[in-house]
Amino acid sequence: MAKKDGLFEEDKKNEIEEDEEYDPEIYTLTDEDGNELQFALLGELEHEGEVYLALIPVDEDGEEASDEYVILKRSTDENGEETLDTIEDDDEFDRIADIFDDEFADIFYDED
């Protein structure tokens with residue numbers, strides 16, 4: 001996987017800026033209780049060899065259901081299937097959250 005310096009590759013960032021009707025990638029995740037929840041991909045980044053995704057909950061219509069996003073780490077299980085896992089290490093989570101917060105601040109600040 002190619003290393004990315006930000007949330008979006010530069011070509012993708014330009015496409016998003018040109019297309020106001022950006023259609024995010026939707027993930028359906030199952031929580032500990034077996035409930036299926038939908039999330040829209042806000043951003044993806046590679047840091048120190050790991051891939052992290054920032055996802056925001058969405059309702060049935062694809063509208064944001066919260067102002068807060070979650071961060072999950074992509075990994076591969078014993079069957080070779082990709083999984084999204086909670087980040088258990090507080091320091092790792094804080095480091096990745098700071099990177100996403102900085103990237104989102106730059107994107108939303110540039111829009112104004």
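The values are calculated or read from the model by the stated rules, or taken from the named source; none is laboratory data. Just so we're clear, the structure is a prediction, and the values are computed from it rather than from any experiment. Here the Cβ positions follow ideal geometry from the backbone for every residue, glycine too, while neighbour counts run over all protein chains shown.
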Quick check on this structure: which one of E68, E36 is within 18 Å of D94 (Cα to Cα), charged (D, E, K, R) and exposed (fewer than 10 other Cβ atoms within 10 Å of the Cβ)?
E68
Criterion first (within 22 Å of P24 (Cα to Cα), touching a residue at least 60 places away in the same chain (Cβ under 8 Å) and touching a strand residue (DSSP E or B) at 6+ places or on another chain (Cβ under 6 Å)) does F100 satisfy it?
yes
List the number of the failed condition for A97; all other conditions in (1) under 16 Å from the mean Cα position of the chain (by Cα); (2) assigned to a helix (DSSP H, G or I); (3) modelled with pLDDT under 90 hold.
(3)
Pairs please, first residue from the range 31-42 and in contact (Cβ under 8 Å) with a residue 40 or more places away in the chain and among the hydrophobic types (A, V, I, L, M, F, W, C), second anywhere and assigned to a strand (DSSP E or B) and surrounded by 14 or more Cβ atoms within 10 Å (Cβ to Cβ), Cβ atoms under 6 Å, 6+ apart in sequence or on different chains.
L42/A54; L42/I56
In the range 28-63, what count of residues is obtained for those that are over 18 Å from F104 (Cβ atoms) and not β-branched (V, I, T)?
17
